[in-house]
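One structure is given below, encoded as structure tokens.
Every number in this text was worked out from the coordinates using simple rules, so none of it is lab data. Since the structure is predicted, the reported quantities are computational estimates derived from the model, not experimental observations. Because the Cβ atoms are built from the backbone with ideal geometry, glycine has one as well, and the counts that use them run over all protein chains shown.
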Amino acid sequence: MKHLFSFLIFLITMGFLLSFSFSVLAQETPVQAPETLEEAKSLGQRILTGFPETFKSVWQEAVVFWKKMLNYVSPWFKSIWNSILSLLGKEVEKRKPEVEEEFKKETQEMKEEIPKAGKSLWQRFKELIY
């Protein structure tokens with residue numbers, strides 16, 4: 001529970017930081033309404049050339065954030081996964097003799113039914129009637 005609370009606080013903090021970084025990026029290049037077609041064209045080109053760089057920087061920040069989150073949350077998930085595996089391992093060991101016995105029975109039944117499978121449909125039908 002303590003880790004979950006810390007995780008939520010971290011997410012909220014990172015959300016505020018990312019929104020702040022977006023607002024700073026928006027303020028760096030003030031945009032005014034273009035008055036002519038040429039100004040609109042140059043504005044569009046500035047936006048299109050600046051978008052990949054902005055997107056790349058935001059993406060890099062997000063990657064760094066998720067790597068930190070993975071490093072923070074990974075031990076918690078590993079402990080849960082190890083607990084699940086230990087429980088499943090105990091259950092598998094407990095049921096192993098039953099499964100092996102059932103496997104032997106199924107193998108024996110298959111050995112008995114394989115010769116019957118070679119019989120024709122008519123022979124099987126006659127066995128059902130008699």
(message) Through the Karplus equation 6.51 cos²θ - 1.76 cosθ + 1.60, θ set to phi - 60°, convert the phi angles of segment 5-13 into ³J(HN,Hα) values in whole Hz; use x for Gly and Pro.
(response) 4, 5, 4, 5, 4, 5, 4, 5, 4
(request) Report the calculated FRET efficiency for Tyr130 and Val99 (r = Cβ-Cβ distance, R0 = 35 Å), to the nearest 0.05. (result) 0.40
(message) What would the Debye equation give as log₁₀ I(q)/I(0) for segment 41-130 at q = 0.13, 0.25 Å⁻¹, counting only Cα atoms as equal point scatterers?
(response) -0.77, -1.14
